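Structure, as structure tokens:
The values are calculated or read from the model by the stated rules, or taken from the named source; none is laboratory data. Quantities reported herein were computed from a predicted structural model and do not represent experimental measurements. Cβ sites come from the backbone with ideal geometry, for glycine too, and all protein chains shown count toward neighbours. Accessible surface is based on the protein model in full, side chains and every heavy atom, while ligands, DNA and RNA are left aside. Shrake-Rupley method; radii C 1.70, N 1.55, O 1.52, S 1.80 Å.
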Amino acid sequence: MLKTYFDKVSMFVRNIGAFKGFLPAEWWCYLTTNLSHKCMAELANLVQRLELAVGRLEAMSSPGGGNEASAGGAVSASVEAFDEIIGGPLNQYYSQSKQIGGDVLKHAEMIKRAFASQRQVIVTASTSQKPPDAVLGAIIRPISTEVENVQMLREMNRTSPFFNHLSAVSESVPALGWITVSPKPGPYVKEMQDAAMFYTNRVLKEFKDKDKMHMDWVRSYLMMWTQVQNYIKQYHTTGLSWSKTGPVASASASAAPASSKPGGCAPPPPPPPGPPPPPVDLGGSTGHGDSDGIDRNALFESINKGSDITKGLRHVQDEDKTHKNPGLRAQNPSVRTGPKPFSSPSPRATTSAAPARSTQPPILELDGKKWKVENQEGAQGLVISETELKQVVYAFKCNSSTLQVKGKLNSITIDNCKKMGLVFDDVVGIVDIINSRDVKVQVLGRVPIISINKTDGCHVYLSPNSLGCEIISAKSSEMNILVPGRDGEFSEFAVPEQFKTVWDGAKLVTTVTDITA
């Protein structure tokens, strides 16, 4: 109710013409002819203050947003500064997304929930000591879930007219993982913001001189991440600042209760599982009479006969065999005479159980000269910073995760990964991507060779120093190479997937087949 009141006041101030119906004619004439630019600036400042107040109220009314208030203590300066981001740039981005509507608004709602979850993590860090990594993963899980939802919405709406908007948000939303980055989370957010620039430039180019609202949307969205960088520089320069006193943070204490609407009641917990079934009595009766026990004893007795169990079988004579007696086959047409060609298998035969998700623990460690990055699920902000020229990086079975490799090393391999993001500085050998799907690779320095094998969906962002890189591909699809221009804007080029081969009388000649829409 209070939010609705502020919205009406804000709209009333913005639309100054609404005063006309409430003021006498001579007052209105004086107001319109003598209202200075200074007054308009003060009105704009008032609107901004109202929006900031509304943002703080929404943050406090969101799930978990008022925990620190209910505890009776004042929030820390870092929480108040983060509230200013929520009430300022984030609220402005959300308002403009609301005007655009559609999938853009859905993304904005997800971003808003992610910021609310991150606020709760910052509140927990301001009053608690840093927990072990396993507990920290559970604490930030709501943020990772929203990041996955943002990226999934973009993948499910590739034909959307606002695909560039969705891509800009999807490429930069991993910046929310700065709370796990150390020692420099600020530059990490800057890199994620730069990843969105390719698509925001497309939005600016598409709607230039057409719709100013989309131009404002781009500016507000980028300003939001700029404010996050400034916030990190002031309060979390070397990583998320945890309290030196107080209890160690726990996942249960920091988890916000889930609800379908802000301020709603949390759903009841699931009922406890029922009692286990009674043990089966293999030695006695099953409750269906003594016949089951007698049949079971007879079965075990037959099995214990060993090789003598076949003595009771009757030998089949040749005249009784259908494959040697055509007359028997004619009498019984249901008897199979052999496999039928081109017959489709039954649905039951083709149905197979879906492979279960790996339950192995995530790994990020240095084993000799190899950095192992395995079984990472939704891990945003993985960083390998202490590298040497003789070392290699091997990422295996990582899903919806991002990995940044700093320094110069020998090689990098991405194997059996899905929705994996890789950012690296320099590689003197090869970057190998194999058996993967939806992989994005960004080169910041130099790399001589990038190999793509058995991969569906691969975007490679080259740097100005890596334009001489060789791209080798096989058995792959949806490959795109993005080359930077002089103005810093990337140009996208698709890697050919279809070829034509002809015999010229002496050898096979293969050429690229150009497909036009």
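Miscellaneous remarks
- Sequence of 508, 422, 153 when ordered by accessible area, the most exposed leading, probe 1.4 angstrom: 508, 153, 422
- Solvent-accessible surface ranking, highest first, for 159, 127 at 1.4 angstrom: 159, 127
- Other residues lying with their Cβ under 15 Å from the Cβ of residue 136 contribute a combined charge of 0, Lys and Arg counting +1, Asp and Glu -1.
- Distance between the pseudo-spin-label points of residue 204 and residue 454 (7 Å out from Cα toward the beta carbon): 4.3 nm.
- Rounded FRET efficiency, nearest 0.05, which uses the C-beta distance separating residue 98 from residue 504 and R0 of 60 Å: 0.45
- Extension gain for residue 428 to residue 138 (0.36 nm times residue separation, less C-alpha to C-alpha distance): 100.7 nm.
- Gyration tensor (alpha-carbon) shape descriptor, the stretch 150-195, a/c threshold 1.5: prolate
- Cross-link check: pairs 112/190; 372/475; 190/419; 212/418 evaluated at a Cα-Cα cut-off of 29 Å; pairs beyond the cut-off: 212/418.
- Cα gyration tensor shape for the stretch 374-457, rounded if a/c is under 1.5, else prolate or oblate: oblate
- Rounded if a/c under 1.5, otherwise prolate or oblate - the stretch 411-502, Cα gyration tensor axes: oblate
- Derived scalar couplings between HN and Hα for the stretch 201-214 equal 5, 5, 5, 4, 5, 6, 9, 5, 6, 10, 9, 5, 4, 6 Hz in order, rounded to whole Hz, by the Karplus curve 6.51 cos²θ - 1.76 cosθ + 1.60 (θ = phi - 60°), x for Gly and Pro.
- FRET efficiency estimate (nearest 0.05) - Cβ-Cβ, residue 251 to residue 158, R0 51 angstrom: 0.90
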